[in-house]
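To start, the structure itself, in structure tokens.
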Amino acid sequence: MDLTVLAVPDYPNVVLLEERLAQVLEGRRDVTVSRQVIADQDEAARRGMHGSPTILVDGIDPFAEPGQPASVSCRLCRDGGGQVDGAPSASQLRQAIGGAAATAADAGSPSWLDALGRGGRGRIAPAERGLRAVHQAVLRSFAATGRAPEPGLLDEAARPFDARQVLAELADGDFLCLDQAGRISAAYPFSATATPHTIQITGGASAYAMCAINALGIAEMLHTSVLIRSADPSNGEPVTVTLDGSSAVWNPVTTVVFAGRTADQCAGPSAAICCDHVNFFTTHSTAEARASAHPEITGGILSQARAAEVAEQIFGQLLRLSGSGLAGAKGQGALASRSGFPEDKISQLRNCALFTHIGPSRLSGGWHDGPR
């Protein structure tokens, strides 16, 4: 668990907060504490400070009221007896830290995340009957061109099976979605139609993701740098996430992900029951407010690290396990050529996981969280 103390320069109540933290954390080796001096209002907004001092537990202010604005002003608290104090009491700190640890344990694989990964069955298609080869060919087409291949272009990957039958079976298993004409409308994490989540793949195409977790999963699946552009659905404020190897830059830095699903549906395609309800939010407060306004959606709020971890677990292995047909570079090149993707881009993409198998994937670790 990570704790961050935010305060304006030389603020006296920081000492009081530090003393109480030391008391609460005595003997705890699973918690790290960092300090950040906040110089102005803009930085307070970026860092999520709601008055000086503020303590963040895994990036979340547990003492902030819903909708409370960022501030560099003096922050006062009330203890259990209603007395005003310059910092949360030891009891309040212990409760906030303990509550975060408990919800982190509960959020290991909650039911509202299951829909993203086919009810816990994962998104790696079976190797038999041409399923994995065709699935991987579809994913590579999205990554290289931003669109799905036409069914006829998948014949080589499907051989000796019929490509249309393979696609139908993949759709039945919720590995991808087909429209009424049999065309591919989605192949998680990609969408063939516009969504709020636009992805620019380094050395590749611009594409749409089905949801926020799917957007993060594209970087994990391809093991290459991506730029995600999205927006908070509650207020339209822009959100960007830049993923580059082991580093991630989220803007605003207070961004979280709400992962939800329709409460009245326990089974069905992810596109129908959860993808519209998995979004980026600029703050924990806006995510909470959105969830409160939509009781028909069940879910939870994920920190940045936890969202990246979920994305890696779901999508990180999709192109690393070999299938058949297009598993070789020759087949991959044939698909790319027939899709009309420029050869100079193909040569760039062969250096990443679109076309090759590489070493262990990165996994954001150290943070855990769940709904408060």
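The values are calculated or read from the model by the stated rules, or taken from the named source; none is laboratory data. Remember, it's a predicted structure, so these values are computed and weren't measured experimentally. Quick reminder, even Gly has a Cβ in these numbers, built from the backbone with ideal geometry, and neighbours come from all protein chains shown.
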Test: residue in region 47-65 that is surrounded by fewer than 20 Cβ atoms within 10 Å (Cβ to Cβ), under 20 Å from residue 252 (Cα atoms) and of a type in the set (Ser, Thr, Tyr): no
Any pair with Cβ under 6 angstrom, 6 or more apart, that starts in region 285-308 at a residue that is closer than 14 Å to residue 57 by Cα and ends at one that is of a type in the set (A, V, I, L, M): 301/256; 301/287; 302/257; 302/259
Residue check, residue 225 on the phi < 0 side of the Ramachandran plot, hydroxyl-bearing (Ser, Thr, Tyr), in contact with a helix residue (DSSP H, G or I) (Cβ under 8 Å, 6 or more places away or on another chain) and modelled with pLDDT of 95 or more: no
The lone exception for residue 274 - which of (1) in contact (Cβ under 8 Å) with a residue 12 or more places away in the chain; (2) within 30 Å of residue 65 (Cβ to Cβ); (3) surrounded by fewer than 24 Cβ atoms within 10 Å (Cβ to Cβ); (4) of a type outside the set (A, V, I, L, M) it fails: (3)
Selection status of residue 176, within 26 Å of the chain's Cα centre (by Cα), over 30 Å from residue 281 (Cβ atoms) and in contact (Cβ under 8 Å) with a residue 40 or more places away in the chain: no
Selection count, region 189-232, where residues are surrounded by 19 or more Cβ atoms within 10 Å (Cβ to Cβ), β-branched (Val, Ile, Thr) and under 25 Å from residue 285 (Cα atoms): 3
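Taking the stated definitions as given, is residue 235 buried (at least 21 other Cβ atoms within 10 Å of the Cβ) and of a type outside the set (Val, Ile, Thr)? Before the answer, list the steps.
Numbers: buried (at least 21 other Cβ atoms within 10 Å of the Cβ): no; of a type outside the set (Val, Ile, Thr): yes.
When the stated conditions are applied, residue 235 does not pass them.
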Matching residues, region 220-255, being touching a Ser or Thr at 6+ places or on another chain (Cβ under 7 Å), closer than 22 Å to residue 276 by Cβ and touching a residue at least 60 places away in the same chain (Cβ under 8 Å): 220
